[in-house]
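Taking it in order: structure first as structure tokens, then the write-up.
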Amino acid sequence: MNKKKIAIIGSGFSGLASAAYLAKEGHQVHVYEKNEQLGGRARQFKKEGFTFDMGPSWYWMPDVMESFFNDFNTSTKDYFELKELSPAFNIVFGKEDELTIPSDYGELRRLFESIEPGSSLELDSFMDDAKKKYEISFSKLIEKPGLSIMEYLEYDTIKQSLKLNLFSSYQKMVHRKFKHPKLRALMEFPVLFLGAKPKDTPALYSLMNYAGLKLGTHYPMGGFYALVEAMVSLCRELGVTFHTDSEVTELCVLQNKVVSIEINGISNTVDAVIGSADYHHIESKLLNKDYRNYNEKYWSKKTFAPSSLIFYLGIKKTVNKLNHHTLFFDADFDLHSTEIYDEKRWPNDPLFYVCTPSKTDKNVAPEGCENLFVLMPLAAGLEDTPELRDKYFKILLKRLESQLGEQLSDDIVVNESYCIKDFKADYNAYGGNAYGLANTLNQTAIFKPKMINKKISNLVYTGQLTVPGPGVPPSLISGKIAANLMLQELKKKNYEIAL
Ligand SMILES: Cc1cc2nc3c(=O)[nH]c(=O)nc-3n(C[C@H](O)[C@H](O)[C@H](O)COP(=O)(O)OP(=O)(O)OC[C@H]3O[C@@H](n4cnc5c(N)ncnc54)[C@H](O)[C@@H]3O)c2cc1C
């Protein structure tokens, strides 16, 4: 096969993964990133001696990241140290009412039993089922491009898929097994990652409980950005060229192929393009409307996972009562999710999450200080003003201080916020979404926006808005699927453009 010049738009996990697989085949791969730093939603910034991961903080499914590096005969261990967190995380239900979730499964069973007698056996059967779902999904389904129902019609795949309870709801499944509200909240919390109400999420996604509670919650020393740096290093070793501050502004199409792309207004010829920036942005801003797969009406009907209001706080003292991950569920979960998905408005009494990586990693804060990442889920597309950010900062800080029983406000030395406007400006995110599309039943597999462009043969989409979905592990897998689709396309005899 002739080696081709392949342009990748965006340097998030999906772009980095597809760059690595394509470069491994000897292609000349160029990654164009509009921001000055690589990594997409997983960027990092430093201020006053603090190092803040801007996006992901839960390193779940370490086997997916490991398997990615193994495909290149390397390991995550060659790049960074991965620590399993113990305890895994905490959930706050009210003042002095907090659950510490152990990393050890035996201890987790004992915790369940102490809250609801008999529930440890229910947990065992829930986890057995969730493990099956995890294994079937990863061995049979997750690497399918979801282009056609035919991909799923192999006898063995159908047989296995029937075991997934695709059509029953996650919430029903949890409620059948567990009666205590704390256990229900613990089991339903991974839907925060999936971005849909538990009742609208297929039972398939209990595989997330298996991933979180059985495979463990990990942390890459140096911060989540260590994974970005590892993938960038690997890509460079494979010959990938990175271009930062390079915004792609147009895809020029001739005879149903992209022949050149405009970067900062300058035209560059290409043989093929992987679009790993937000799908909607590529279609609506970079392509002529005749070549789009979907129109605005299609996007407006989609259920988006939430956006977020985030505060990156540097505190000039240690905060004893916080663990690495703390979920504040001391408010009404159903009300907040209704405000996100149905009413689409700023919440009355929000749930939020605090990550304190300085509890595990002394390098992310100056000595004697604490690094706090405070995140409140929020409907995508809402108005975002300095006044609203300030209002919610006060609400969240007050709740946090009250729970901790100590003041923080006088000790805040760094206070940066990030919200809908920033997601739009920095990542060209539709509605300022943070995690892409929600994993509802009618937005799973073949029902997701398609990875191929129906009219342009050398353009493949990847990333959290397409298959398999949002999250770091799915984005890596998405990059691999996109690279494979592109390799198949490049092998076709008629690939060359008859100019
Ligand atoms: C706040 C937050 C918390 C999260 N927490 C977790 C977590 O704990 N665990 C987890 O697994 N997942 C988490 N996620 C989800 C995860 O981070 C994402 O699913 C994943 O990083 C998305 O990768 P991607 O490659 O699809 O897109 P992106 O990371 O968005 O990459 C796309 C890139 O394209 C660039 N781009 C856009 N337009 C252009 C253009 N015209 N030209 C050039 N470049 C362009 C953007 O700048 C961006 O760098 C979180 C996400 C957020 C935002």
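So that you can scan it fast, the table gives a plain yes or no per residue for (1) away from the ligand (no atom under 15 Å from the Cβ); (2) part of a strand (DSSP E or B); (3) surrounded by fewer than 21 Cβ atoms within 10 Å (Cβ to Cβ):
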| site | (1), (2), (3) |
| --- | --- |
| TRP346 | yes, no, yes |
| ASP349 | yes, no, yes |
| VAL354 | no, yes, no |
| SER358 | yes, no, no |
| ASN363 | yes, no, yes |
| LEU372 | no, yes, no |
| MET376 | no, yes, no |
| GLU383 | yes, no, yes |
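Exactly one condition in (1) in contact (Cβ under 8 Å) with a residue 12 or more places away in the chain; (2) surrounded by fewer than 20 Cβ atoms within 10 Å (Cβ to Cβ) is false for TYR461; which is it?
The failed condition is (2).
Residues GLU416, GLU406, GLU401: which one is acidic (Asp, Glu), more than 24 Å from VAL191 (Cβ to Cβ) and part of a strand (DSSP E or B)? So that I can check it myself, show each step before the final result.
Working: GLU406 fails: part of a strand (DSSP E or B); GLU401 fails: part of a strand (DSSP E or B).
After ruling out the rest, the residue left standing is GLU416.
Hey, does the stretch 331-341 have a residue that's touching a residue at least 24 places away in the same chain (Cβ under 8 Å), outside the structural domain of LYS199 (by TED's automatic domain parsing), assigned to a loop (DSSP other than H, G, I, E, B) and not aromatic (Phe, Trp, Tyr)?
no
Take the conditions modelled with pLDDT of 95 or more, assigned to a helix (DSSP H, G or I), within 16 Å of the ligand (Cβ to nearest atom) and surrounded by fewer than 16 Cβ atoms within 10 Å (Cβ to Cβ) and apply them to GLU66. Does it pass? Steps first, please.
Values: modelled with pLDDT of 95 or more: yes; assigned to a helix (DSSP H, G or I): yes; within 16 Å of the ligand (Cβ to nearest atom): yes; surrounded by fewer than 16 Cβ atoms within 10 Å (Cβ to Cβ): yes.
For GLU66, the condition - modelled with pLDDT of 95 or more, assigned to a helix (DSSP H, G or I), within 16 Å of the ligand (Cβ to nearest atom) and surrounded by fewer than 16 Cβ atoms within 10 Å (Cβ to Cβ) - is met.
Looking at (1) under 29 Å from PHE138 (Cα atoms); (2) assigned to a helix (DSSP H, G or I); (3) not assigned by TED's automatic domain parsing to the domain that holds LEU16, which is the only condition PRO87 fails?
Unmet condition: (2).
Under the condition of being among the hydroxyl-bearing types (Ser, Thr, Tyr) and over 27 Å from GLU135 (Cβ atoms), which residue from the stretch 29-63 is nearest to the ligand (Cβ to nearest atom)?
Initial filter on the stretch 29-63 (among the hydroxyl-bearing types (Ser, Thr, Tyr)): 32, 51, 57, 59.
Of the ones still in play, those that are also over 27 Å from GLU135 (Cβ atoms) are 32, 51.
Numbers: TYR32: 5, THR51: 16 Å.
Out of the qualifying residues, it is TYR32.
Of the numbered conditions (1) within 15 Å of the ligand (Cβ to nearest atom); (2) in contact (Cβ under 8 Å) with a residue 60 or more places away in the chain, SER284 satisfies every one except a single condition; which is it?
Failing condition for SER284: (2).
Just give me the residues in the stretch 1-28 being within 8 Å of the ligand (Cβ to nearest atom) and touching a strand residue (DSSP E or B) at 6+ places or on another chain (Cβ under 8 Å), in sequence order.
Correct list: ILE9, GLY10, SER11, GLY15, LEU16.
For the stretch 338-347, give me each residue that is at pLDDT below 95 and at negative phi.
Within the stretch 338-347, the first condition is being at pLDDT below 95, and the residues that meet it are 338-344.
Matches in the stretch 338-347: THR338, GLU339, ILE340, TYR341, ASP342, GLU343.
Restricting to the stretch 417-458, and then to whatever is buried (at least 20 other Cβ atoms within 10 Å of the Cβ) and among the aromatic types (Phe, Trp, Tyr), can you tell me which residue is farthest from the ligand (Cβ to nearest atom)?
Filtering first and then ranking leaves TYR430.
Yes/no per residue for (1) in a helix (DSSP H, G or I); (2) among the basic types (Lys, Arg); (3) at pLDDT 95 or above; (4) on the phi < 0 side of the Ramachandran plot:
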site	(1), (2), (3), (4)
LYS131	yes, yes, no, yes
PRO145	no, no, no, yes
GLU151	yes, no, no, yes
MET173	yes, no, no, yes
LYS179	no, yes, yes, yes
LEU183	yes, no, yes, yes
SER206	yes, no, no, yes
GLY222	no, no, yes, no
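The values are calculated or read from the model by the stated rules, or taken from the named source; none is laboratory data. The model shown is predicted, which means the values in this text are computed figures rather than measured ones. We place every Cβ from the backbone using ideal geometry, glycine too, and count neighbours over all the protein chains shown.
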